[in-house]
Every structure is written in C-alpha cells, then in structure tokens.
Amino acid sequence: MLGAIIGDIVGSVYEWANIKTTDFPFFQPTCFFTDDSVLTVATAKALLTGMGYTQAYQDFARRYPGRGYGGNFHYWIYRDEPQPYNSWGNGSAMRVSPVGFAIDSVEGVLDEAKRSAEVTHNHPEGIKGAQATALAILLARQGASQPEIRAEITSRFGYDLDRTLDQIRPGYTFDVSCQGSVPEAIIAFLESTDFEDAVRKAISIGGDSDTIACITGGIAEACYGIPEEIAQQAYGYLPEEFVGIIEEFQTLYM
C-alpha cells in the first residue's frame, strides 16, 4: 500500500500541471499527500480493525480535510446516513490497494474490493476499477508475470491493455473515470522495469497524475517492492498516524 501512497505524493504536483515525460525530479519539496493517500490509509485501517468502510472513510476524510476530495464524495463525508451515489470515478481504485495485499484468494480480493468500492462507487465501472486494481496487485505479489497479468485483467474486465504508453500519451487528457484511467495506470505498470520506473511512466501519461500514479504504484510495489531510500523519503511527507498504520499493516500482511 505504501507504493500507492508514494505514487500519490510524487504525482501530486503534476495533477494540474501535467508533464509528458519520465524525466522529472521524483520527490520535490512541494509534493504532498492527497485524498488518495488519506483513503488508502483508511482502507488499511478498516482491514486492520474490522471497521466498516463507510465509517473509516468518513472518519479519515473529516480529520484530514482539504485534500482534494471530489464534489460528491465531499458531500458524502458529512452525511449522517451516507448512501452510495453511483459513481464511476477512479476514487474506488485509488484507495483499494490494501485489499490486494491483505487478501490471498482471487474471489476474496474481488469480493472485498467490491465492498470497499460500493459504499460510494456502486456504479459497475466504479466497482470494476477497484476490482481490477486489487486483482492486479494480488497477481503481482503471487509472482504472475506482466503478460499473465495483462491477459487475466483483459479477460475478466474487458480493458484494452494492448495499447502502449507512446500511443496513449500524446492525446491523453484529464479523466477521472475508472474506465478512462485504470487501464492506463495498469499499462504503465505493464511497461515498467522497476518501482520508480513504473511511477514515472504513470505520471508521464498526464491526466489525473496523482491518482494514476497511485494505482500504478500499488501494483508496482507488489511486483518489485520499494527501495528503502524511496520508502523513507515518502514517510517524511506523511503524518505520524499514517506511518503507524502503514507499518502495522506491513507487519501483518506483507
């Protein structure tokens, strides 16, 4: 899950200032954690404690306001009786990475990803984006090759993963839908050679850079691990609470 958070932090400065290259400073003083990290940590907390996803997402989002939450989600945060709002946005995929690390079976991962998504993102595309991301993480950490992951995700979800980043990059624009960003994030991983390379390639697409890199980063961590120097740098951007939850999660599940 730390890989997803690193992708978010590194991509944070490019969400509204897209860069179509992999040649950029990885961590910068102006980088910051966004709603992607807040809700990823909330997902981990729910898995660690058995807390419901609704409670976890409301709790963390209320305590860490102003982190770039979407309009509908921001309204949902403060509802006394929050209901899902049929979203197909990529928020379901950006927060799901802990599920891919905590659950060890395909059906279990698909079921838990659906549960984490549907409290807000109960549109079929919102659920599919979370499931595809979590399943890619499970497959990667179980040793599946990139071609095997490509084939399995394509078969199950119908995403077009045969495009290349060079084909995607020139015309790709801001798209917060699962169907318009999750496949691209997976492709960035599929073309990568190590963790840092995956995050750089995700950001180089442009669009919703922090979220695409967040999704890619979670999968890349499962495949490659994270260099210790990068992990330690990332902790410097995070609240002490987040670091504690990440370390507890890693001790239990990784």
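No value in this document is a laboratory result; all are computed from the given coordinates. Values in this document were obtained by computation on a predicted structure and should not be read as measured data. Virtual Cβ from ideal backbone geometry, glycine too; neighbours counted across all protein chains shown.
Numbers below:
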read-out	value
FRET efficiency, 1/(1 + (r/R0)^6) with R0 35 Å, evaluated for GLN250 and THR21 via beta carbons	0.65
Coil-residue chymotrypsin sites (Phe, Trp or Tyr not before Pro) of region 105-204, DSSP, other Cβ within 10 Å capped at 13	PHE174
Cα shape, region 1-114, gyration tensor, a/c 1.5 rule	oblate
Label-point separation, THR30 to GLN233 (7 Å along Cα→Cβ), nm	1.7
Three-way shape call for region 150-254 based on the alpha-carbon gyration tensor, with the a/c threshold at 1.5	prolate
Net dipole in debye of region 150-254 [+1 Lys, Arg Cβ; -1 Asp, Glu Cβ; about Cα centre; nearest 20]	460
GNM result for the chain, Cα springs below 10 Å: residue of GLY71, GLY217, GLY108 fluctuating most strongly	GLY71
Point-charge dipole on Cβ atoms (K/R +1, D/E -1) for the chain, about Cα centre, debye to 20	440
5 angstrom amide H check on GLY89, placed H, neighbours 5+ away	CYS178
Unit charges at the beta carbon, dipole of region 2-253: most positive-side option, GLY236, THR251, ILE153	ILE153
222 nm mean residue ellipticity, helices alone, for the chain (DSSP H n ≥ 4; -39,500 (n - 2.57); rounded to 500)	-18500 deg cm²/dmol
Set of lysines with alpha-carbon distance to LYS201 below 25 Å, sequence-local pairs under 8 removed	LYS20, LYS128
